[in-house]
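Peer 1: I have a structure I would like to understand better, so I am pasting it below and will then ask my questions one at a time.
Where a number appears in this text, it was derived from the coordinates with a stated rule and is not lab data. None of these values were measured; they are calculated from a predicted model. Note that each Cβ is placed from the backbone with ideal geometry, even for glycine, and that neighbours are counted across all protein chains shown.
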Amino acid sequence: MSIEVQNITKLYKDQKALNDVSFKVNDAEIVGFLGPNGAGKSTMMKILTTYIEASEGSANVNGFDVNADKKKVQSSVGYLPEHNPLYTELYVKEYLNFNANVYGTSKSRIEEVIELTGLTPEAHKKISQLSKGYRQRVGLANALLHNPDVLILDEPTTGLDPNQLVEIRNLIKTIGKEKTVFLSTHIMQEVEAMCDRVIIINKGEVVADKYLKDLREGQEQIVIVEFDYRVEDAFLRKLPNVGSVKNTHGFVYEITFLTLDDMRSHVFDFAHDNELKILQLNQKNASLESLFRDLTN
Ligand code: ADP
Ligand code: MG
């Protein structure tokens, strides 16, 4: 297991930025941490990289406890902070050299990360002369210097133009073939483009954790139905292909079906056969977009 978060709560004075958050990230996965601004993404990442401590709960990165084994966590993790703080007066190589000295990494590794992140044509320039896309590459190169197993990238594609976006996404996907990548974003398309899995966070709480292949295959169809009378959940589970049944409020039920076929007619027949009246009947596609909207609205 690369990242293991257990019941983390973080308070800033009396404001709860994270509330009882738990999740796991497996080795060599690219996991998107998706949530609107203020959801608690950066806070979680700062805890995982040992910059701040949680108020409650525990977390392990690469098997090391973020409180007890800070140094080992730091050597396991490459971190690209949200506002990638670069010394713009330095040349690319100077900057990487400086950080390599801090980490105690070899000179040959600097050339390796320059190559890996596609910085070679710009490596002789001052950071202030670079485009935002190339600055992100410098940040990624820096995060990779000590060859960590886990990369934690806080909004790595925010503020890039469309061409830079495609390039950085591809670079992250390439890196993700060998390393565990945990990246945050508030843009769901970023998750679709790069990730194997998405963990959605809203107001400090994890509200979904899904593999994208399951979402893409559209295996989960949600039908929302309102009857004129209470129905037992177990009764509704007799419908074909039912995954789950939830009574959301009043006589409104959210039924998840594990099929691509439109199940509304089955629900209609079911109501008719059981002398129930349907007051509303809607189908939702549980794609990432609708999932994100529903969960964060
Ligand atoms: P995200 O990265 O998802 O946008 P953050 O983790 O930055 O969210 O912030 C979560 C919440 O915690 C926000 O309401 C933010 O204002 C608050 N917050 C973040 N950092 C601090 C801080 N150092 N002091 C006080 N409140 C903070
Ligand atoms: Mg943030």
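Peer 1: Name the residue, out of Gly176, Gly63, Gly139, whose mean-square fluctuation peaks in a Gaussian network model built on the chain with Cα pairs under 10 Å.
Peer 2: Fluctuation is largest for Gly63.
Peer 1: Shifting gears a bit: Of Lys46/Lys203; Lys93/Lys177; Lys177/Lys213; Lys177/Lys210, which pairs sit farther than 24 Å apart, going by alpha carbon to alpha carbon?
Peer 2: Flagged as over cut-off: Lys93/Lys177.
Peer 1: Straight distance only, please: which aspartates and glutamates reach the Cα of Lys277 with their own Cα at less than 14 Å, same-chain residues fewer than 8 apart left out?
Peer 2: Glu226, Asp228, Asp269
Peer 1: Also, I was wondering about something else. I'd like to compare 239-245, 190-196: which one has the highest average count of other Cβ atoms within 10 Å, and what's the full order after that?
Peer 2: 190-196, 239-245
Peer 1: Under 5 Å between amide H atoms, partner at least 5 residues away or on a different chain: which partners does Ala208 have, H built in plane at 1.01 Å?
Peer 2: Here the answer is Ile200, since their amide H atoms fall under 5 Å of that of Ala208.
Peer 1: Which net charge results when you count Lys and Arg as +1 and Asp and Glu as -1 among the other residues whose beta-carbon is under 14 Å from that of Leu144?
Peer 2: The answer is -1.
Peer 1: Give me a comma-separated list of calculated 3J(HN,Hα) values for segment 60-77, in order, Karplus coefficients 6.51, -1.76, 1.60 applied at θ = phi - 60°, integers in Hz, x for any Gly or Pro.
Peer 2: So the Karplus estimates, Gly and Pro as x, are 10, 10, 6, x, 9, 6, 5, 8, 7, 10, 3, 4, 5, 4, 4, 7, 8, 10 Hz.
Peer 1: Give me, ordered by chain and number, the residues 5 or more places off Ile3 or on other chains with an amide H under 5 Å from its own placed amide H.
Peer 2: Correct list: Val25, Asn62.
Peer 1: With each label point set 7 Å from Cα along the Cα-Cβ vector, what nm distance links Gln280 and Glu254?
Peer 2: Taking the simple label geometry, Gln280 and Glu254 are separated by 1.3 nm.
Peer 1: Of Phe235, Phe227, how do they rank once you tally other Cβ atoms within 10 Å and put the fewest first?
Peer 2: Arranged by neighbour count, lowest to highest, Phe235, Phe227 become Phe235, Phe227.
Peer 1: Now for a separate question. Between beta-carbons, use under 14 Å as the cut-off and find the net charge around Thr158, counting Lys and Arg +1, Asp and Glu -1.
Peer 2: Around Thr158, the charge tally is -1.
Peer 1: Now for a separate question. All other residues with a Cβ under 13 Å from the Cβ of Val25 taken together, and with Lys, Arg as +1 and Asp, Glu as -1, what is their net charge?
Peer 2: After counting each charged neighbour, the total is -3.
Peer 1: Near the amide H of Gly78, under 5 Å away, which other amide H atoms are found, from residues 5 or more places off or on another chain, if H is placed in the peptide plane?
Peer 2: Val150, Leu151, Ile152
Peer 1: Report ³J(HN,Hα) in whole Hz for each residue of segment 249-256, in order, from the Karplus equation J = 6.51 cos²θ - 1.76 cosθ + 1.60 where θ = phi - 60°; Gly and Pro get x.
Peer 2: 6, x, 9, 9, 10, 10, 10, 9
Peer 1: Here is a follow-up. Report the residues of segment 194-230 in range of a label on Asp14: point 7 Å along Cα→C-beta, backbone N strictly under 14 Å from it.
Peer 2: none
Peer 1: Longest exposed-loop-site-free stretch of the chain, with trypsin sites (Lys or Arg not before Pro), DSSP loop and at most 11 other Cβ within 10 Å? Please list the in-between numbers first.
Peer 2: Numbers: sites that count: Lys13, Lys177, Arg230, Lys238, Lys277.
Segment 14-176 is the longest.
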